[in-house]
1. Helix 15-27: angle to the longest alpha-carbon principal axis of the chain, degrees 0 to 90, nearest 10?
2. With contacts defined as alpha carbon pairs under 8 Å and 6 or more residues apart, what's the relative contact order of region 31-160 in percent?
3. Taking a cut-off of 28 Å, what percent of all Cα-Cα pairs in the chain are separated by more than that?
4. Report, to the nearest 10°, how far helix 47-57 tilts away from the longest principal axis of the Cα atoms in the chain, using its own Cα long axis and a range of 0 to 90°.
5. Send over a whole-number figure in Å² for the accessible area per residue of region 42-121, probe 1.4 Å.
6. Have a look at region 20-71 and give its Rg and Dmax from the Cα atoms, expressed in angstrom.
7. Given 87/155; 41/155; 131/155; 41/131, which pairs have Cα atoms separated by over 20 Å?
8. Give the ranking of 46, 118 by solvent-accessible surface, highest area first, calculated with a 1.4 Å probe.
Amino acid sequence: MRRAVCPGSFDPVTNGHLDIIGRASRLYDEVIVAVLVNQSKSGMFTHTERIEMLTEVTAELKNVRIASFQGLLVDFCRDEGVSVVVKGLRAVSDFDYELQMAQMNYGLSGLETLFMPTNPLYSFLSSSLIKDVAKWGGDMSPHVPPIVVERLQAKLRDGH
Ligand code: PNS
(Lines give C-alpha, C1' and ligand atoms only; values in the text may rest on other atoms or scores of the structure.)
Protein backbone atom coordinates (compact mmCIF):
# COMPACT_ATOMS: atom_id res chain seq x y z
CA MET A 1 0.00 0.00 0.00
CA ARG A 2 1.42 3.40 -0.99
CA ARG A 3 0.89 5.81 1.91
CA ALA A 4 1.70 9.48 2.24
CA VAL A 5 1.43 11.90 5.11
CA CYS A 6 0.30 15.54 4.95
CA PRO A 7 1.51 17.06 8.24
CA GLY A 8 0.72 20.46 9.70
CA SER A 9 -0.78 22.53 12.47
CA PHE A 10 -4.12 23.06 10.67
CA ASP A 11 -5.16 25.92 12.99
CA PRO A 12 -7.57 25.92 11.17
CA VAL A 13 -7.67 23.91 7.92
CA THR A 14 -7.99 26.16 4.83
CA ASN A 15 -9.06 25.54 1.24
CA GLY A 16 -5.35 25.53 0.38
CA HIS A 17 -4.72 22.57 2.72
CA LEU A 18 -7.76 20.79 1.30
CA ASP A 19 -6.50 21.25 -2.25
CA ILE A 20 -3.20 19.52 -1.38
CA ILE A 21 -4.88 16.76 0.65
CA GLY A 22 -7.37 16.05 -2.17
CA ARG A 23 -4.67 15.95 -4.85
CA ALA A 24 -2.43 13.72 -2.70
CA SER A 25 -5.38 11.37 -2.14
CA ARG A 26 -5.58 10.82 -5.90
CA LEU A 27 -1.89 9.88 -6.05
CA TYR A 28 -1.63 7.54 -3.05
CA ASP A 29 -3.64 4.59 -1.72
CA GLU A 30 -3.89 6.24 1.68
CA VAL A 31 -3.19 9.75 2.93
CA ILE A 32 -2.75 10.41 6.63
CA VAL A 33 -3.35 14.01 7.64
CA ALA A 34 -1.13 14.37 10.71
CA VAL A 35 -2.00 17.19 13.11
CA LEU A 36 0.90 18.35 15.25
CA VAL A 37 0.08 18.52 18.95
CA ASN A 38 2.36 21.32 20.03
CA GLN A 39 2.17 21.89 23.76
CA SER A 40 4.45 24.93 23.70
CA LYS A 41 2.43 26.76 21.02
CA SER A 42 -1.21 27.39 21.83
CA GLY A 43 -3.33 28.14 18.78
CA MET A 44 -6.86 29.39 18.37
CA PHE A 45 -8.34 25.88 18.11
CA THR A 46 -7.62 22.94 20.39
CA HIS A 47 -6.17 19.96 18.64
CA THR A 48 -9.48 18.11 19.14
CA GLU A 49 -11.31 20.93 17.32
CA ARG A 50 -8.76 20.86 14.48
CA ILE A 51 -9.27 17.12 14.12
CA GLU A 52 -13.07 17.51 14.16
CA MET A 53 -12.94 20.10 11.38
CA LEU A 54 -10.49 18.05 9.30
CA THR A 55 -12.57 14.90 9.75
CA GLU A 56 -15.70 16.68 8.55
CA VAL A 57 -14.15 18.42 5.55
CA THR A 58 -12.36 15.30 4.29
CA ALA A 59 -15.33 12.95 4.89
CA GLU A 60 -15.83 12.41 1.16
CA LEU A 61 -12.20 11.41 0.60
CA LYS A 62 -12.44 7.76 1.57
CA ASN A 63 -8.70 7.08 1.59
CA VAL A 64 -7.88 10.02 3.89
CA ARG A 65 -7.41 9.44 7.61
CA ILE A 66 -6.83 12.07 10.28
CA ALA A 67 -4.32 11.44 13.05
CA SER A 68 -2.38 13.50 15.55
CA PHE A 69 1.25 13.29 16.54
CA GLN A 70 3.69 14.62 19.07
CA GLY A 71 7.45 14.75 18.71
CA LEU A 72 9.27 14.11 15.48
CA LEU A 73 7.45 13.63 12.19
CA VAL A 74 9.98 10.95 11.20
CA ASP A 75 9.00 8.88 14.27
CA PHE A 76 5.30 9.18 13.44
CA CYS A 77 5.99 8.13 9.84
CA ARG A 78 8.06 5.14 10.95
CA ASP A 79 5.28 3.99 13.31
CA GLU A 80 2.66 4.39 10.57
CA GLY A 81 4.76 2.77 7.85
CA VAL A 82 4.86 5.94 5.72
CA SER A 83 7.88 6.85 3.62
CA VAL A 84 6.67 10.04 1.88
CA VAL A 85 5.58 13.46 3.10
CA VAL A 86 3.56 15.60 0.68
CA LYS A 87 3.81 19.36 1.28
CA GLY A 88 2.28 22.25 -0.62
CA LEU A 89 4.48 25.12 -1.74
CA ARG A 90 2.63 28.42 -2.07
CA ALA A 91 5.51 30.59 -3.20
CA VAL A 92 9.30 30.78 -3.23
CA SER A 93 9.11 32.19 0.29
CA ASP A 94 7.90 28.78 1.55
CA PHE A 95 10.80 27.01 -0.07
CA ASP A 96 13.66 27.91 2.31
CA TYR A 97 12.06 26.52 5.44
CA GLU A 98 10.40 23.57 3.70
CA LEU A 99 13.72 22.60 2.13
CA GLN A 100 15.44 22.67 5.53
CA MET A 101 12.76 20.44 7.04
CA ALA A 102 12.80 18.06 4.08
CA GLN A 103 16.59 17.72 4.22
CA MET A 104 16.57 17.24 7.98
CA ASN A 105 13.86 14.57 7.75
CA TYR A 106 15.74 12.79 4.98
CA GLY A 107 18.93 12.93 7.03
CA LEU A 108 17.18 11.62 10.15
CA SER A 109 15.53 8.58 8.64
CA GLY A 110 15.46 8.66 4.83
CA LEU A 111 11.90 10.07 4.92
CA GLU A 112 11.21 11.56 1.49
CA THR A 113 9.36 14.84 0.88
CA LEU A 114 7.51 15.65 -2.33
CA PHE A 115 6.51 19.26 -2.95
CA MET A 116 3.27 20.03 -4.72
CA PRO A 117 2.70 23.51 -6.15
CA THR A 118 -0.34 25.06 -4.51
CA ASN A 119 -3.21 25.97 -6.81
CA PRO A 120 -2.63 29.72 -7.49
CA LEU A 121 -6.16 30.34 -6.22
CA TYR A 122 -4.82 29.60 -2.75
CA SER A 123 -1.24 30.84 -2.95
CA PHE A 124 -1.83 33.73 -0.54
CA LEU A 125 -3.74 31.72 2.08
CA SER A 126 -2.40 30.86 5.50
CA SER A 127 -4.09 29.85 8.74
CA SER A 128 -2.62 32.85 10.55
CA LEU A 129 -3.91 35.33 7.96
CA ILE A 130 -7.33 33.70 8.10
CA LYS A 131 -7.46 34.09 11.89
CA ASP A 132 -6.28 37.68 11.74
CA VAL A 133 -8.73 38.79 9.06
CA ALA A 134 -11.59 36.88 10.71
CA LYS A 135 -10.81 38.61 14.02
CA TRP A 136 -11.52 41.97 12.42
CA GLY A 137 -14.72 40.85 10.76
CA GLY A 138 -13.41 39.96 7.29
CA ASP A 139 -15.37 37.44 5.25
CA MET A 140 -13.46 34.17 5.24
CA SER A 141 -16.06 32.11 3.37
CA PRO A 142 -14.14 32.07 0.04
CA HIS A 143 -11.03 30.72 1.77
CA VAL A 144 -12.13 28.09 4.27
CA PRO A 145 -14.88 25.42 4.31
CA PRO A 146 -18.27 26.45 5.81
CA ILE A 147 -17.70 24.52 9.07
CA VAL A 148 -14.50 26.50 9.63
CA VAL A 149 -16.33 29.79 9.05
CA GLU A 150 -18.87 28.73 11.70
CA ARG A 151 -16.17 27.64 14.15
CA LEU A 152 -14.21 30.88 13.63
CA GLN A 153 -17.33 32.94 14.26
CA ALA A 154 -18.13 30.93 17.41
CA LYS A 155 -14.57 31.39 18.73
CA LEU A 156 -14.69 35.12 18.11
CA ARG A 157 -18.09 35.38 19.83
CA ASP A 158 -16.46 33.65 22.81
CA GLY A 159 -13.84 36.39 22.88
CA HIS A 160 -10.82 34.64 21.30
O1 PNS B 1 1.51 23.78 9.46
P2 PNS B 1 2.94 23.94 9.87
O3 PNS B 1 3.01 24.59 11.23
O4 PNS B 1 3.76 24.62 8.84
O5 PNS B 1 3.53 22.45 10.01
C6 PNS B 1 4.86 22.23 10.40
C7 PNS B 1 5.10 20.75 10.74
C8 PNS B 1 4.07 20.23 11.70
C9 PNS B 1 5.05 19.94 9.47
C10 PNS B 1 6.53 20.68 11.35
O11 PNS B 1 6.65 21.64 12.34
C12 PNS B 1 6.85 19.32 11.94
O13 PNS B 1 7.01 18.34 11.23
N14 PNS B 1 6.92 19.26 13.29
C15 PNS B 1 7.16 18.06 14.03
C16 PNS B 1 8.50 18.11 14.76
C17 PNS B 1 9.62 17.72 13.82
O18 PNS B 1 9.66 16.65 13.27
N19 PNS B 1 10.54 18.67 13.65
C20 PNS B 1 11.66 18.52 12.77
C21 PNS B 1 11.26 18.80 11.33
S22 PNS B 1 12.68 18.86 10.39
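1. 30
2. Numbers: 108 pairs, mean separation 28.5, N = 130.
It comes to 22 percent, rounded to a whole number.
3. Working: 2227 of 12720 pairs.
For the chain, the share of Cα pairs beyond 28 Å comes to 18 percent.
4. 90
5. Numbers: 4830 Å² over 80 residues.
Normalised by residue count, the accessible surface of region 42-121 is 60 Å².
6. When restricted to Cα atoms, region 20-71 yields Rg and Dmax of 11.9, 34 Å.
7. 87/155
8. On the way: 46 70, 118 20 Å².
The ordering from most to least exposed comes out as 46, 118.
The values are calculated or read from the model by the stated rules, or taken from the named source; none is laboratory data. No experiment lies behind these values; they were computed from the predicted model shown. For neighbour counting, all protein chains shown are included, and Cβ atoms are generated from backbone atoms with ideal geometry for every residue, glycine included. The accessibility values were calculated without ligands, DNA or RNA, using every heavy atom of the protein model including side chains. Shrake-Rupley method; radii C 1.70, N 1.55, O 1.52, S 1.80 Å.
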